[in-house]
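One structure is given here, and the rest of the page talks about it.
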Amino acid sequence: MKIIYLTILAAVLGLCLWNLFSAKKPSLQATAAMVIVPLLLRLFLIN
Amino acid sequence: MKKHHISALIFLAIALVAAGIAGASFLSMRENEYIAKGPGVSEVKMLSDWFPALAGSPGDTEVYILRSESSNDDAASMLVLGGTHPNEPAAFVAAVLLVENAQPSAGTLYVIPRANNSAFTHNDPQEGSPQRFTIKTPDGDRVFRFGSRATNPVHQWPDPDVYIHASSGQSLSGNETRNLNRGYPGKADGTLTEKVCYGITELIKKEAITITVDLHEASPEYPVNMAMVAHPNAMPLASETVIGLEMQDIAIGLEPSPVNLRGLTHRELGDFTDTLPVLMETPNASQGRLRGKTDEALVLTGIDPWYVKAEKLGRLYVPYDGNGHPIEERVGRHVAGIAELAFTWTLNNPERPLEFSGLPSYAELLDTGLGIWLKAPEQ
């Protein structure tokens, strides 16, 4: 169960990173960066 | 490199720094706070010594044993659980105060200050609770974590939609699956929370614990408050104890353990073991639904204008005025209750006494504050 959860999480994190680097508007990049923070904390099982 | 890639790298760097700062703060909650070994502590074991499956898990926790010199296999014993719900700070601090001050002269005292060790490692989301609170001692500050009501979901996940209590089949909301006080008597191959419950039940059975006291706090709007809840087997002991506390001017109610509310210490430990289980509640505004600003001061003083207003509207089950319910009072109620339980037991069972000294009275705690009863951290 945990592996599936972490795999989904890693995939969503990858999409966010892709979005961060493909978006051209700074506001969209800032949004992607904000979403990345909790995803990282979850991926490393910190919170 | 394109311009938007440079800005993306800057945003990524900011995100990594933010995650690093937040991560360090969250990880710091996994460090146990200092508890001094008081003069009465004869041994410190781990719960996994009674249930080895817990070894190395976030559910394993220290068990402080305070054994009198005269204690033998037939001697009376008491188990005190603090930190069943780490968002109920007086319960934890009262257990620490016992470890650091109690000196048994007859019988054995077992204290588990962090009964749900995992729940100390995080806060309840969306509550705005402080991570820690500080009590000043003559030699320095003592810092205690303010944790969550439930096991950390990092350690036990996912929650089911409906939590089915293992031994009764009772259905509760899914998040109650991480509530230690809904999991008794526990399950050896269950969730982490059920395993901790099982470990505590094993300790009670193997050590033939005479009395088990589960320390709690409750919202001022919760009906069972400033009260002792007792299993039918413990009711004679608890009723005499309540009278003793009332004679010390400590207002306290007595509640029977509901037959159809399962998984709680005061029900299951009485049904499944020979111990006499009681649970004590004190009023804690910092976990209430009607509270205003939630900070360290609220945890320590209980002063909250919204609760004063709610009291005037007749919405509370405890008296509430501008003085709040300070932590000295709440810890004092717990410590006085424990001392009175031991006194009442000894009065009725002089051949198997349970006596300990070194504890402050309720009046002393109100007078002196908590600080002088807590040891300063070792440098």
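The values are calculated or read from the model by the stated rules, or taken from the named source; none is laboratory data. Note that the coordinates shown come from a computational prediction; the quantities given were computed from them, not determined experimentally. Ideal geometry is used to build each Cβ from the backbone, glycine not excepted, and the neighbour counts take in all protein chains shown. Side chains are part of the model used for accessible areas, which takes the heavy atoms of the whole protein and leaves out ligands, DNA and RNA. Shrake-Rupley method; radii C 1.70, N 1.55, O 1.52, S 1.80 Å.
Could you tell me whether B:GLU296 is open to solvent by 10 Å² or more (accessible area, probe 1.4 Å) and acidic (Asp, Glu)? Yes: the conditions hold for B:GLU296.
Within the set A:ILE36, A:ILE8, the sole residue that is at the interface with chain B (Cβ under 8 Å from one of its Cβ atoms) and closer than 30 Å to B:GLU31 by Cα turns out to be A:ILE36. If I filter region B:101-112 for residues that are in a loop (DSSP other than H, G, I, E, B) and not small (Gly, Ala, Ser), do I get at least one hit? Taking every residue of region B:101-112 in turn, none turns out to be in a loop (DSSP other than H, G, I, E, B) and not small (Gly, Ala, Ser). Scanning region A:11-42 for residues that are open to solvent by 50 Å² or more (accessible area, probe 1.4 Å) and within 26 Å of B:ASN123 (Cα to Cα) yields A:VAL12, A:THR31, A:MET34, A:VAL35, A:PRO38, A:ARG42. Just so you know, in region B:166-202 the residues that are assigned to a loop (DSSP other than H, G, I, E, B) and of a type in the set (Ser, Thr, Tyr) include one that is surrounded by the fewest Cβ atoms within 10 Å (Cβ to Cβ), and it is B:SER168.
The rows are residues; the columns are (1) within 22 Å of B:ALA342 (Cα to Cα); (2) in the same structural domain as B:GLU202 (by TED's automatic domain parsing); (3) touching a strand residue (DSSP E or B) at 6+ places or on another chain (Cβ under 6 Å).
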| residue | (1), (2), (3) |
| --- | --- |
| B:GLU240 | yes, yes, no |
| B:THR265 | yes, yes, yes |
| B:THR275 | yes, yes, yes |
| B:LEU279 | yes, yes, yes |
| B:THR282 | yes, yes, no |
| B:LYS309 | no, yes, no |
| B:LYS312 | no, yes, no |
| B:ARG315 | no, yes, no |
| B:PRO319 | no, yes, no |
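Tell me, which residue of region B:14-63 that is free of Cβ contacts under 8 Å to residues at least 12 places away in the same chain, within 14 Å of another protein chain (Cβ to nearest Cβ) and open to solvent by 50 Å² or more (accessible area, probe 1.4 Å) is farthest from the chain's Cα centre (by Cα)? Checking each candidate, the answer is B:ILE14.
Residues in region B:111-123 that are modelled with pLDDT of 95 or more and open to solvent by 10 Å² or more (accessible area, probe 1.4 Å): B:ASN117, B:THR121, B:HIS122. Contact map, region B:153-179: residues that are within 19 Å of B:THR265 (Cβ to Cβ) paired with residues that are β-branched (Val, Ile, Thr) and open to solvent by less than 50 Å² (accessible area, probe 1.4 Å), Cβ distance under 6 Å, separation 6+ or inter-chain. Pairs shown: B:TYR163/B:THR177; B:ARG178/B:THR151; B:ARG178/B:THR193. Restricting the first member to region B:114-125 and to residues that are among the basic types (Lys, Arg), and the second to residues that are assigned to a loop (DSSP other than H, G, I, E, B), the beta-carbon pairs closer than 8 Å and six or more apart or on different chains are B:ARG114/B:ASN32; B:ARG114/B:THR61; B:ARG114/B:GLY82; B:ARG114/B:GLY83; B:ARG114/B:PRO86.
To keep it simple, each residue is scored yes or no on (1) out of contact with any helix residue (DSSP H, G or I) (no Cβ under 7 Å at 6 or more places or on another chain); (2) at pLDDT below 95; (3) crowded, with 24+ Cβ neighbours inside 10 Å.
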| position | (1), (2), (3) |
| --- | --- |
| B:GLY322 | no, no, no |
| B:GLU328 | no, no, yes |
| B:VAL331 | no, no, yes |
| B:LEU341 | no, no, yes |
| B:TRP345 | no, no, no |
| B:ASN349 | yes, no, no |
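Scan region A:11-33 for residues that are without any contact (Cβ under 8 Å) to a residue 12 or more places away in the chain and either within 11 Å of chain B (Cβ to nearest Cβ) or charged (D, E, K, R) (or both) and the total you get is 12. When we screen B:VAL80, B:VAL96 for residues that are in a strand (DSSP E or B), at pLDDT 95 or above and under 28 Å from B:ALA336 (Cα atoms), the only hit is B:VAL80. Open to solvent by 10 Å² or more (accessible area, probe 1.4 Å) and away from chain A (no Cβ under 14 Å), is that true of B:PRO138? Spelling it out, B:PRO138 is indeed open to solvent by 10 Å² or more (accessible area, probe 1.4 Å) and away from chain A (no Cβ under 14 Å). Any residue in region B:95-104 that is free of Cβ contacts under 8 Å to residues at least 24 places away in the same chain and not hydrophobic (A, V, I, L, M, F, W, C)? Within region B:95-104, none of the residues are free of Cβ contacts under 8 Å to residues at least 24 places away in the same chain and not hydrophobic (A, V, I, L, M, F, W, C). Take the conditions (1) touching a helix residue (DSSP H, G or I) at 6+ places or on another chain (Cβ under 6 Å); (2) within 14 Å of chain A (Cβ to nearest Cβ); B:GLY82 misses just one of them, which is (2). Among the residues of region B:235-274, those that are within 21 Å of B:LEU366 (Cα to Cα) and crowded, with 17+ Cβ neighbours inside 10 Å comprise B:THR241, B:VAL242, B:GLY244, B:LEU245, B:ILE250, B:ILE252.
Scanning region B:64-77 for residues that are part of a loop (DSSP other than H, G, I, E, B) and open to solvent by 10 Å² or more (accessible area, probe 1.4 Å) yields a count of 7. The residues of region B:356-379 that are part of a loop (DSSP other than H, G, I, E, B), open to solvent by less than 70 Å² (accessible area, probe 1.4 Å) and more than 20 Å from B:VAL111 (Cα to Cα) amount to a single one, B:GLY369. Within region B:137-160, can one find any residue that is of a type in the set (Val, Ile, Thr) and within 30 Å of B:GLY186 (Cα to Cα)? Looking for residues that are of a type in the set (Val, Ile, Thr) and within 30 Å of B:GLY186 (Cα to Cα), one finds at least one in region B:137-160, hence yes.
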